[in-house]
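Report on the structure given below.
The values are calculated or read from the model by the stated rules, or taken from the named source; none is laboratory data. Everything numeric here is computed off the predicted structure, so don't read it as measured data. Note that each Cβ is placed from the backbone with ideal geometry, even for glycine, and that neighbours are counted across all protein chains shown. Side chains are part of the model used for accessible areas, which takes the heavy atoms of the whole protein and leaves out ligands, DNA and RNA. Shrake-Rupley method; radii C 1.70, N 1.55, O 1.52, S 1.80 Å.
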Amino acid sequence: AKCQCKVVPRERTNCGYPGISAAECKKIGCCFNASVPSVPWCYNPKPKKVKKVCPNDPYTRINCGYPGIKPRECTRKGCCFRAHPAGVPWCFYHRVMEE
């Protein structure tokens, strides 16, 4: 993603070798910007921002508990709890979404 390459020049961390080409730099998953002298031109992208969400579709839930688990036990395990509908896990794992 382009926004992952918006790194302040002084905060760039080198990702490559001296004299690396833009194409070679991008091929190894790094960002390339040669507009600022004396900072790395081939540098590491910013990490993706992710957030945990409880999936809305009850049929995609992945079980995180056991039959009869209490809401408090479920959330203590770091999982989502929704006591409906019948026939699907009520205690289930988060999904990780990119922001």
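Determine the share of the chain's accessible area contributed by carbon and sulfur atoms, expressed in whole percent, with a 1.4 angstrom probe.
58 percent
With unit charges on the beta carbons (Lys and Arg positive, Asp and Glu negative) and the dipole taken about the Cα centre of the chain, which residue among 89, 74, 44 sits farthest to the positive side?
74
Using a 7 Å offset from the Cα along the Cα-to-Cβ direction at both residue 36 and residue 8, what is the distance between the two label points in nm, to one decimal?
Result for the modelled spin labels: 0.9 nm.
Would you mind working out the magnitude of the charge dipole of the range 50-98 relative to its Cα centre, with +1 at each Lys and Arg C-beta and -1 at each Asp and Glu C-beta, to the nearest 20 Debye?
Here the size comes out at about 200 debye.
Per residue, what accessible area does the chain have, given a 1.4 Å probe and all protein chains present, in Å²?
Per-residue value: 73 Å².
For each cysteine in the chain, check whether another cysteine's C-beta sits under 4.7 Å from its C-beta; list those where none does.
By the Cβ distance rule, which asks for a partner under 4.7 Å, the isolated cysteines are 3.
For the chain, what does -39500 (n - 2.57) per DSSP helix run (n ≥ 4), summed and divided by total residues, give at 222 nm, in deg cm²/dmol to the nearest 500?
Calculated mean residue ellipticity at 222 nm is -2500 deg cm²/dmol.
Do you know the relative contact order of the chain, to the nearest whole percent, from alpha carbon pairs under 8 angstrom that are 6+ apart?
Dividing the mean separation by the residue count of the chain yields 26 percent.
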